[in-house]
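Here is the structure we will look at, set down as structure tokens.
All of the numbers you see were taken from the coordinates with simple rules; none came from a lab. Nothing here was measured: the structure is a model prediction, and the numbers come from that model.
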Amino acid sequence: MDKHYFLRVYNLVRNIPHGNVCTYGIIADHLALGSARMVGWALNKCKMGDGVPAHRVVNRKGELSGRNSFPSPTWMQEMLDAEGVIVVDNKIVHLEQYLWKPDKTF
């Protein structure tokens with residue numbers, strides 16, 4: 001993967017609205033750049049404080065599968081809780097209620 005790929009992922013993730021989440025797969029499909037796993041790899045490489053709200057990206061089941069990539073295993077849930085997203089046992093409750101899908105402008 002190249003830097004251009006990472007930047008496209010980061011730019012899209014920056015557009016996920018506060019209080020919403022998106023999935024790795026939706027991002028991968030929208031960018032037509034590869035698999036959900038590649039999106040996860042890109043997000044794993046971003047740095048805290050760079051403006052990429054990676055905590056808003058979950059797996060297709062709404063699970064906080066990336067939680068171990070943050071400062072603590074509970075940090076991702078704490079951030080989502082603060083945005084009003086309901087998480088129980090490391091999984092978004094009513095994922096469809098919070099799910100954001102990018103439109104064609106991104």
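General observations
- Only helical runs count toward this figure. For the chain, summing -39,500 (n - 2.57) over DSSP H runs of n ≥ 4 and dividing by all residues gives -10500 deg cm²/dmol at 222 nm.
- Bridging of K61 to lysines at a Cα separation below 23 Å is possible for K45, K91, K101, once same-chain residues fewer than 8 apart are set aside.
- Other-chain or far-sequence residues with amide H under 5 Å of V21's (modelled H): L99, W100
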